[in-house]
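Since the structure comes first, as structure tokens, the remarks are kept for the end.
The values are calculated or read from the model by the stated rules, or taken from the named source; none is laboratory data. Since the model is a prediction, treat every value here as computed from it, not as a measurement. Glycine also receives a Cβ, built like all others from the backbone with ideal geometry; neighbour counts cover every protein chain displayed. To get the accessible areas, we keep the full protein, side chains included, count just its heavy atoms, and leave off ligands, DNA and RNA. Shrake-Rupley method; radii C 1.70, N 1.55, O 1.52, S 1.80 Å.
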Amino acid sequence: MSIIQTAVMAVMKKAVELAPDAWIPGGKPDPLIHHKHGLIGAPVSRVDGPFKVEGKARFAAEFALEGMVYAALAYSAIPKGRIATLDTSAAEAAPGVVLVMTHRNAPRMKPSPVFLTSDKAAGADDLPIMQDDLIHWNGQPIAVVLAETQEQADYAKSLIRATYESELATTDFDKAKALPLQPGVFFGQPLKTEINDAESALASAPYKVDEIYMTPRHNHNAIEPHAATLAWNGDELIVHDASQGVVHTAWSLAEVFGLKEDHVKVTSPYVGGAFGAKCLWQHQILAAAASRVAGRPVRVALSREGVYRVVGGRTTTEQRVAIGAQEDGRFDALIHTGVVAMGRHNNMPEPFIQPALCVYAAGSFKLEVVTTQMDMLANTFMRAPGESVGTFALESAVDELAEKLGIDPIELRERNEPEKDPISGMPFSSRHIVEAYRTGAHRFGWSKRSARPGARREGEWLIGMGCATATYPYFRMPGGAARITLTKLGHATVEIAAHEVGVGTATVQTQITAERLGLAMDQVTFTYGDSRLPGVVIAGGSQQTASIGASVVAAQRALVTELLKLTGKDSPLSGLKPDEMGGRDGGLCKLDEPERFESYVSILKRAQRDELTVAATAPPPFEMWHWSMHSYGAMFCEVRVSAVTGEIRVSRFLGSFDCGRILNPKTAASQFRGGIIMGLGLALMEETQFDARNGRIMNPSLAEYHVPVHMDVPEIDVIWTDIPDPHSPMGAHGVGEIGITGTAAAVANAIFNATGKRIRKLPITLDKLM
């Protein structure tokens, strides 16, 4: 069971009595959930695609408000201390400048509630924002300039002059490790698990590996930089944001400015990539504060450099993985421990031990993350936090052990396949990773792999294959709610405070709604991205589809109940119960007697109703109390390494996934491939260059921070089992983050197979192979 699952269970157990199979109202099986339908499971194209192609989709920095001014931020140049002098006179006198806001004239604000401290908190840290002259990281905003144009604001910002009184700062990870370390805590749960004496078992095991693996800092680089357009209307604040959590952001902004929650409205109709970073950071708060002082609407759009200065990313990790095994490959001990760096004012340790909690059986476990605090920008969630870097270390170690034992890496993994969750002892809800491996191995041509490193060569190119297991927990957060309005014309509108961060959420939820109501896709409108809509859902953790899908299921059942109340005695549906009903052809029918049917138009006309509106809240995630639930993948990589230069080329990649039911193969395939591409970047090029002398990020641009581009990415093949999980509300598990997990290890293992060189520190650049 994952740490997140444990945390969700802890919250829900306080409120609801445990009830088996109670993931739908009444605890009765839903006959529509696992049935093969026409729309659910169909490769439907994105409903928002035409709007984006035609340029009609308005992102956060594309709202034009009357009287709007533009913001530019000035950043500190030291990691810790105070501002000694701050000269803004030249900036204030610059053309078009409306306001220069600093700690001297900013309104009084409360610290932002930190994410995970409340079910609606969205902030990155608990620091006062521009309330004093103290500096906490290199890049902290020290001034906000508002001007009539963006160019004027940017120019005026360049005229600000500041001097500082520096204090001794901790900016070197190696030195920080020597300071007192703190236990890691994630979602309120300690990042520590011990079963039996793993160190003793390791010492006595006849075969073992015991190595250190390193991963660097990573920064977010979504195609859409962070932005917000906002305005005050008296004591009401309206924010058009690029957000993964509109309700969370609205509540948090209300807390910061001392407002009632319903006095803040946050919309986010389109988001150009999020991956964990598009929550609440200082730029939205500073823009709102400056807007209030100036009395003008404000647009703040961070530059690429601004994103690096203000928005956190993934922190550095040092991981020890040790595995002790018998001659047949059975694990006696599995140890995965290490240290990560965190900012002083947030709590986001990289939970890299999560894969080791569920993937392999072993006689003993020792899993722990400890943290050291540094004077740096608050780190945060980044796609597959924990699993992406944790699988690099764990799956590299498994490959190393397979090489020592002389056992095929896939065979070794199969021999250590657990019958139940190795930590909690709970049964798996569904687990078909062995099938995914076998299918993937056949399709990839794994049998052609030579067990001897360096055996395959074409000219200067050494060729190798590697594999790794991917895993990501299934979880469904509580708080999902939905409202459905059905009109007399047979059109349904679904409203949920959900998010479309570029993954196809609107498309899949339209499919689910249309299928359950028996409507065509164009008869359904999915409305989302507004904090005043029902539900408290965040787009993160690969859980939004399950969370809001369960809300749609609940609302559809409530709608059926109300529709049956409107049917007269002469209706074919008279006397039937909601559990007997299903949707088809624009109306309701009895599931086992489909000829007993009446259209929605007829029902509402008979009742003389123009429309019918119902709202319902999804039941708590009871399924997580009974089952260990995860997505899995078998990742296969082929690389070519130049024996002359050390250049690495990934020539083929295959992901074979076990993620339950695939609701939309077209959007899911894109998610799988996108995750794998991020995994290739993790493996081969991504690294935030952090100056250990002064805590400054040295490569804050896409020119210097390398991410995979078209020529770096081979054709990526993706396949899946498509076996529904009978214990998931829709039979599905998350697909958003599974692709990045395991990928870096598959690449590293393929490089070893090609060259015989084992690389344990990311990224794997050519200098490490020379």
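Can you name every residue in segment 726-761 that is more than 13 Å from F392 (Cα to Cα), out of contact with any helix residue (DSSP H, G or I) (no Cβ under 8 Å at 6 or more places or on another chain) and in a helix (DSSP H, G or I)? Scanning segment 726-761 gives N753, A754.
Note on segment 638-654: among residues that are among the β-branched types (V, I, T) and either outside any loop (DSSP other than H, G, I, E, B) or in contact with a Ser or Thr (Cβ under 8 Å, 6 or more places away or on another chain) (or both), the one that is nearest to P729 (Cα to Cα) is V650. The condition (being modelled with pLDDT under 95 and of a type in the set (D, E)) is satisfied by just one residue among E611, E623, E638: E623.
Screening S631 on (1) modelled with pLDDT under 95; (2) open to solvent by less than 30 Å² (accessible area, probe 1.4 Å); (3) at negative phi shows it passes everything except condition (1). Counting only strands (runs of 3 or more DSSP E) wholly contained in segment 515-605, the ones carrying 2 or more residues that are closer than 24 Å to M730 by Cα, in contact with a Leu (Cβ under 8 Å, 6 or more places away or on another chain) and of a type in the set (V, I, T) occupy 524-527.
The listed residues are F672, F657, and the only one of them that is assigned to a strand (DSSP E or B), hydrophobic (A, V, I, L, M, F, W, C) and in contact with a Gly (Cβ under 6 Å, 6 or more places away or on another chain) turns out to be F657. The residue that is most open to solvent (accessible area, probe 1.4 Å), counting only those in segment 41-75 that are over 30 Å from V100 (Cβ atoms), outside any loop (DSSP other than H, G, I, E, B) and hydrophobic (A, V, I, L, M, F, W, C), is V53. Would you say A143 is open to solvent by less than 10 Å² (accessible area, probe 1.4 Å), modelled with pLDDT of 95 or more and either part of a helix (DSSP H, G or I) or β-branched (V, I, T) (or both)? No.
Tallying residues that are surrounded by fewer than 24 Cβ atoms within 10 Å (Cβ to Cβ) and modelled with pLDDT of 95 or more within segment 493-504 yields 2.
Restricting attention to segment 692-704, the residues that are more than 25 Å from R344 (Cα to Cα) and either outside any loop (DSSP other than H, G, I, E, B) or within 21 Å of the chain's Cα centre (by Cα) (or both) total 0.
If you go through segment 679-706 and pick out every residue that is charged (D, E, K, R) and open to solvent by 50 Å² or more (accessible area, probe 1.4 Å), you end up with 4. Figure legend. Inter-residue proximity from segment 127-143: first residues of a type in the set (D, E), second residues part of a loop (DSSP other than H, G, I, E, B) and open to solvent by 10 Å² or more (accessible area, probe 1.4 Å), beta-carbon distance below 8 Å, spacing 6+ or different chains. Indicated pairs: D132/H103; D133/H103. Within segment 160-168, the presence of at least one residue that is open to solvent by 20 Å² or more (accessible area, probe 1.4 Å) and among the small types (G, A, S) is confirmed.
Across segment 463-491, which residue is most open to solvent (accessible area, probe 1.4 Å) among those that are assigned to a loop (DSSP other than H, G, I, E, B) and of a type in the set (A, V, I, L, M, F, W, C)? If we take residues in segment 463-491 being assigned to a loop (DSSP other than H, G, I, E, B) and of a type in the set (A, V, I, L, M, F, W, C), then L489 is most open to solvent (accessible area, probe 1.4 Å).
When segment 644-694 is filtered for residues that are among the charged types (D, E, K, R) and over 25 Å from P763 (Cβ atoms), the ones remaining, listed by number, are D658, R661, K666. Would you be able to tell me the number of residues in segment 634-661 that are of a type in the set (A, V, I, L, M, F, W, C), open to solvent by 10 Å² or more (accessible area, probe 1.4 Å) and either closer than 11 Å to I738 by Cβ or touching a strand residue (DSSP E or B) at 6+ places or on another chain (Cβ under 9 Å) (or both)? Number of matching residues: 3. For first residues located in segment 471-494 and farther than 29 Å from G736 by Cβ, partners that are part of a strand (DSSP E or B) and open to solvent by less than 30 Å² (accessible area, probe 1.4 Å) and lie 6+ apart or on another chain with Cβ distances below 6 Å form the pairs L486/A492; L486/L612. With the condition kept exactly as written, say whether any residue in segment 653-667 is without any contact (Cβ under 8 Å) to a residue 12 or more places away in the chain and out of contact with any Pro (no Cβ under 7 Å at 6 or more places or on another chain). Within segment 653-667, none of the residues are without any contact (Cβ under 8 Å) to a residue 12 or more places away in the chain and out of contact with any Pro (no Cβ under 7 Å at 6 or more places or on another chain). Considered as a group, the residues in segment 563-583 that are surrounded by fewer than 18 Cβ atoms within 10 Å (Cβ to Cβ) and of a type in the set (D, E, K, R) include one that is nearest to the chain's Cα centre (by Cα), and that residue is D579.
Checking the structure you have, find out if any residue of segment 279-295 is of a type in the set (F, W, Y), crowded, with 19+ Cβ neighbours inside 10 Å and more than 21 Å from M130 (Cβ to Cβ). No, that holds for no residue. Do we have any residue at all in segment 107-124 that's under 32 Å from the mean Cα position of the chain (by Cα), open to solvent by 70 Å² or more (accessible area, probe 1.4 Å) and of a type in the set (D, E)? For segment 107-124, residues under 32 Å from the mean Cα position of the chain (by Cα), open to solvent by 70 Å² or more (accessible area, probe 1.4 Å) and of a type in the set (D, E): present.
Would a scan of segment 518-527 turn up a residue that is more than 20 Å from S45 (Cα to Cα) and under 22 Å from the mean Cα position of the chain (by Cα)? No, that holds for no residue. Please enumerate the residues belonging to segment 603-622 that are within 18 Å of L519 (Cα to Cα) and surrounded by 18 or more Cβ atoms within 10 Å (Cβ to Cβ). Within segment 603-622, I603, L604, L612, V614 meet the criteria. Checking the stated criteria, P418 turns out not to satisfy the condition of being crowded, with 23+ Cβ neighbours inside 10 Å and not in a helix (DSSP H, G or I). In segment 348-356, the count of residues that are within 30 Å of L259 (Cβ to Cβ) and either within 22 Å of the chain's Cα centre (by Cα) or crowded, with 23+ Cβ neighbours inside 10 Å (or both) is one or more. In contact with a Gly (Cβ under 9 Å, 6 or more places away or on another chain), part of a loop (DSSP other than H, G, I, E, B), surrounded by 20 or more Cβ atoms within 10 Å (Cβ to Cβ) and not charged (D, E, K, R) - does that describe any residue in segment 707-716? Among the residues of segment 707-716, not one is in contact with a Gly (Cβ under 9 Å, 6 or more places away or on another chain), part of a loop (DSSP other than H, G, I, E, B), surrounded by 20 or more Cβ atoms within 10 Å (Cβ to Cβ) and not charged (D, E, K, R), which makes the answer no. Cβ-Cβ contacts under 9 Å between residues 6 or more apart (or on different chains), taken from a first residue in segment 573-597 that is of a type in the set (A, V, I, L, M, F, W, C) to a second residue that is in a loop (DSSP other than H, G, I, E, B) and open to solvent by 40 Å² or more (accessible area, probe 1.4 Å), are listed as M581/L591; C589/P572; L591/P31; F597/P572; F597/D585. For A451, the conditions (1) within 25 Å of the chain's Cα centre (by Cα); (2) part of a loop (DSSP other than H, G, I, E, B); (3) not basic (K, R) all hold with the exception of (1).
The test for being among the β-branched types (V, I, T), surrounded by fewer than 24 Cβ atoms within 10 Å (Cβ to Cβ) and in contact with a strand residue (DSSP E or B) (Cβ under 6 Å, 6 or more places away or on another chain) does not hold for T380.
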